[in-house]
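Inspection log for the structure reproduced underneath, given as structure tokens.
The values are calculated or read from the model by the stated rules, or taken from the named source; none is laboratory data. All figures in this text were calculated on a predicted structure; none of them were measured in a lab. Quick reminder, even Gly has a Cβ in these numbers, built from the backbone with ideal geometry, and neighbours come from all protein chains shown.
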Amino acid sequence: MKMKVTGTWLGALWMLAILLGGELALPTAAYAGRTDNCSTSQLPWSPVLNARVVGSLAVGSMIPGSDAYQSISINCDAAWSNDSIMGDTCTGGPNWALSEQSGAAIQQTSLPGVFTFAGLPPSIGYQFMDSGGRPLELDPEGRHNTGVSIRTGVQEVPIYFRLVKLSDAPVAAGSASVSMHLSCNGNEWANQNGSNSTVTLHVDIEQITQTCRMVTPNTAVVLPTVSRPEFTGVGHAVGSTPFTLDFRCDADASARVNISDATTPSNSSEILSLQESSTASGMGVRLSHQGVPVTLAPNQMFDQNGSEFPLDSPGSEQVISLPLSAEYVQTNNTITPGTVQALAVVTIAYD
């Protein structure tokens, strides 16, 4: 579900819309010289995730509970460069990359940035993303390029993972596993050898019949007309306007809601980024709940310090209201009047 905020400053009308939102052969890495010059205590990484999916989940949506994050600190001594067959780089490129462990060819699906390979359920794809929430595309060698170059010393390789619904077919209960090697192809393993350099994500999938959904998918929030003198400095907010998101929950549903920034998915602040179509600058939009600013959830992930709101309906079907407010927030010393557009994603996960 997405929450779109559009409007103008100085006589502003804000629109808030809630919406639910080639095969590449994988070569065998040809390692040269020593390949154990890099190490990390964070690999192997093998989380077990518990996903809960509803039948009405829209195609292209993340499967709630299937997401995971790890920033992997890799330390390489200077010998990695001495052993490189291409100097200070690696075969196929200079970056750390993820390749399927069994050698199966990774395939792009019909959804941009969503991939699959033989063995995954047909209604499920997966994404690896960088710290900015951008999908890790395939490089010419058929691997997910992290964009982080190998170098001497400590380097951080952030990895976000999630499953995505691929088709209108229901996501069946069961399990799915995605197993990758992390290496700089042709030269170095991330943790000394192949068996220690693995990223294996196992997801147990449960179907949920007690669900929650938005009552009104489109909400208009009209902010008052404000003028430049009302802003007194960075962080100052004006024009607070209340609105409510309503959720209809089946009897005995147990769920949580978070809100994230669609423009900058990794945003974990309290202020939504402005979309490129905005002409105003020096300000943003902040959402609050009962006077407390909403902390945005990075990449729609739960349990990552973003604000979360419970949706529980013990015993009977209920409409649960989430009272919020929207306001202008000054983010820069200089403010330019104009149009403002921001887009937020509302995600429901089931307990």
query = What single numbered condition from (1) within 15 Å of the chain's Cα centre (by Cα); (2) assigned to a loop (DSSP other than H, G, I, E, B) fails to hold for S316?
reply = (1)
message = Return the pair list, or none, for Cβ contacts closer than 9 Å from residues in the range 199-216 that are closer than 15 Å to R256 by Cα to residues that are part of a loop (DSSP other than H, G, I, E, B) and among the hydrophobic types (A, V, I, L, M, F, W, C), at least 6 apart or on different chains.
response = Q210/A251; R213/M1; R213/L20; M214/M1; M214/L20
message = Just checking, does the range 233-253 include any residue being outside any strand (DSSP E or B), among the hydroxyl-bearing types (S, T, Y) and in the same structural domain as L343 (by the TED database)?
response = no
note = Residue set G93, G133; condition under 20 Å from the mean Cα position of the chain (by Cα) and either buried (at least 18 other Cβ atoms within 10 Å of the Cβ) or part of a loop (DSSP other than H, G, I, E, B) (or both); output residue G133
ask   = Within the range 185-194, is there a residue that is modelled with pLDDT of 90 or more and either β-branched (V, I, T) or outside the structural domain of A97 (by the TED database) (or both)?
value = no
query = In the list P121, P112, which residue meets the criterion of being within 28 Å of V345 (Cβ to Cβ), at pLDDT 85 or above, surrounded by fewer than 16 Cβ atoms within 10 Å (Cβ to Cβ) and not small (G, A, S)?
reply = P112
query = Would a scan of the range 144-158 turn up a residue that is under 20 Å from V48 (Cα atoms) and not acidic (D, E)?
reply = yes
Within the range 171-230, strands (runs of 3 or more DSSP E) holding 3 or more residues that are among the hydrophobic types (A, V, I, L, M, F, W, C) and farther than 30 Å from R151 by Cβ = 198-208
message = If a residue must be at pLDDT 95 or above, part of a strand (DSSP E or B) and either of a type in the set (D, E, K, R) or under 19 Å from M129 (Cα atoms) (or both), how many such residues does the range 260-301 contain?
response = 1
query = Given (1) surrounded by 15 or more Cβ atoms within 10 Å (Cβ to Cβ); (2) more than 15 Å from Q330 (Cβ to Cβ); (3) under 25 Å from the mean Cα position of the chain (by Cα), where does V292 come up short, assuming only one miss?
reply = (1)
